Amino acid sequence: MTAHAEETDRTVGPTVSGYGLSYAITSLLSALLVVLKESNQAVHDLLVAITGHHWITHGLLVVILFVVLGAVLARRDTGMGGTALITTVVGATIVSGLIIAGYFIL
Amino acid sequence: MSKELILMMHPTFGVLAVIASVWVFVEALNAREANAGRLRSASVLTAILMWLTYIVGGYWYVVFYGADKAIIKAGPWPFAHGFFMETKEHVFLMLLLLATFLPIAAWGDIVKNRMTRNLVLWASALVVLMGLAMEGAGAIVSMGVKVALLAKQI
């Protein structure tokens, strides 16, 4: 395998890594927003005031953040390796899920 | 359209999204030039179906769920709302983003780049697992309403 082929094999390209990283960051921030809005009435009320329902605002915020952050990171080319990106995506999914489930089970 | 029909459309689109994601996973296991187009079509289908699940389920949740929530909380299974519905409605937002990311990843070099293929495999597998968890949580929420109404009759 040539050096170029090895490099291609290790990275996944700027668009994929940018949006992959954006997914991981947005998921974690979304989980933290769940804890924040459920434990702070003022934050909850602010989310309600924006669209009429906290969950609609929450959904809009995460979709906008995912798209914008993904576009920014894709242009910058994070240079993140494929294995690191997969670990980040899977890890963020597990941690975010545990934060949300953990908050409501306690 | 009746609210019952809207409610049934939500898990139906969800199951179809899970099946489409299984399709992506299987295509990614054998990714070649010959099936790359099919894999990408399946990934777009997964994202579209997940967005339909979100829009239909979201409409039902915002407009109609309040009455069911009150019934569940007054019944013998209040955890059906307190844990399962609360967790489901928020974890779903991650699932929506992951399903949206799937076609972006599938448009990478899935044939020659092993890491891109592995990423598509992981992302599609997570969509399947989270989708099944959503279906299970939805079933528990429905059961929460049912046991509450049954308890009222006794």
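Laboratory data are not the source of any read-out in this text; all were calculated from the coordinates shown. Just so you know, these numbers come straight off a predicted model, no measurement behind them. Here the Cβ positions follow ideal geometry from the backbone for every residue, glycine too, while neighbour counts run over all protein chains shown.
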What shape does the protein assembly as shown take by its C-alpha gyration tensor, where a ≥ b ≥ c are the square roots of the eigenvalues and a/c under 1.5 counts as rounded, a/b above b/c as prolate, and the rest as oblate? prolate
Using only the alpha-carbon atoms, how far is helix B:86-106 inclined from the longest principal axis of chain B? Give it as 0 to 90 degrees, nearest 10. 20 degrees
Sites matching trypsin sites (Lys or Arg not before Pro) across segment B:32-82 that sit in DSSP coil, with at most 14 neighbouring C-beta atoms within 10 Å: B:Arg32
Compute the distance in nm between two label points, each set 7 Å from the Cα along the Cα-to-Cβ direction, one at B:Ser41 and one at B:Ser2. 3.6 nm
log10 I(q)/I(0), Debye, Cα-only segment B:3-153, no solvent, q = 0.20 Å⁻¹? -1.07
Choice from B:Ala47, B:Ala133, B:Ala20 with maximal GNM fluctuation in chain B (Cα, 10 Å cutoff): B:Ala133
Can you tally the net charge around B:Arg32? Count Lys and Arg as +1, Asp and Glu as -1, for every other residue whose Cβ sits under 14 Å from the Cβ of B:Arg32. +2
Quick one: which of B:Lys3/B:Lys146; B:Lys88/B:Lys112; A:Lys37/B:Lys146; A:Lys37/B:Lys3 span more than 27 angstrom between C-alpha atoms? B:Lys88/B:Lys112; A:Lys37/B:Lys146; A:Lys37/B:Lys3
Testing the spin-label approximation: label points 7 Å from Cα along Cα→Cβ at B:Ile154 and A:Leu36. State their distance in nm. 4.4 nm
Output the peptides B:107-117, A:75-85, B:90-100 sorted from most to least packed, where packing is the average of other Cβ atoms within 10 Å over each peptide's residues. B:90-100, B:107-117, A:75-85
With A:His54 itself left out, Lys, Arg at +1 and Asp, Glu at -1 over residues whose Cβ is under 11 Å from its Cβ give -2
How high is the FRET efficiency between A:Ile56 and B:Ala34 when r is their beta carbon distance and R₀ equals 35 Å, given to the nearest 0.05? 0.25
Place a point 7 Å from Cα of B:Val62 in the direction of its Cβ. Which residues in segment A:47-70 have their backbone N less than 16 Å from it? A:47-64
If you line up the long axis of helix B:114-153 against the longest principal axis of chain B, both from Cα atoms, how many degrees apart are they, to the nearest 10? 10 degrees
